[in-house]
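What follows draws every value from the coordinates through simple rules; no lab data is involved. If you're wondering where the values come from, they're calculated on a predicted model, not measured in any experiment. Here the Cβ is made from the backbone with ideal geometry for all residues, glycine too, and neighbour counts use every protein chain on show.
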Amino acid sequence: MKFKTLAAAAALAVAGVAAPAMAQDAGVTVGAKVYGPDGAEVGTIESVNGDAVVINTGNLSAALPADSFAPGDNGPTLGWNKAELEAAVTEANQAAEQELAAALVPEAEVYSSDAVLLGKVESVDGDNVVVTLESGPVALPKAQMALQADKVTFLATAADVQAAAAAATGGDTAQGGD
């Protein structure tokens, strides 16, 4: 099952209550069942990390802000039922994939998760994006790329990318930065 992030989850927020207090009052804990406005089960909480609460519906997982949850009769409650949440997650993921595909063009800059410029896109070959690093071209999995603050971002640190490139080529690579 793939981890999915719902970019539009802020629309679920319940106004007027701070996220940590709301989450705690709503019973947002790992393993808790989550319910929709109709009282039907939406899914189970997989993890809570600060303000991000990951809920698994059985079909997908989505990270939602903690302030999306309110206390309900059966446990934590969302403003959407399971079908509505899954439709919103699917729509948001499709839009994000289209935006990323449009940004993955030759000469586009690629950054690491720690905001270091890794290099530029040379080409997109199926599930891989060939990026020219200081040490030469490397194929990075497209599935590990995202748009963050309108920048193409590979979801690993610059040090991890450099170490992987060095291991793949059997040599050392220069540590880059911007």
Around Asp150, with a cut-off of 15 angstrom between Cβ atoms, what is the net charge of the other residues, counting Lys and Arg +1 and Asp and Glu -1?
-1
How would region 42-125 be classified by its alpha-carbon gyration tensor: rounded, prolate or oblate, with rounded meaning a/c under 1.5 and the a/b versus b/c comparison settling the rest?
prolate
Just to check I understand the Karplus step: with θ = phi - 60° and J = 6.51 cos²θ - 1.76 cosθ + 1.60, what whole-Hz values come out for region 64-74, glycine and proline as x?
10, x, 4, 7, 7, 9, 10, x, x, 4, 9
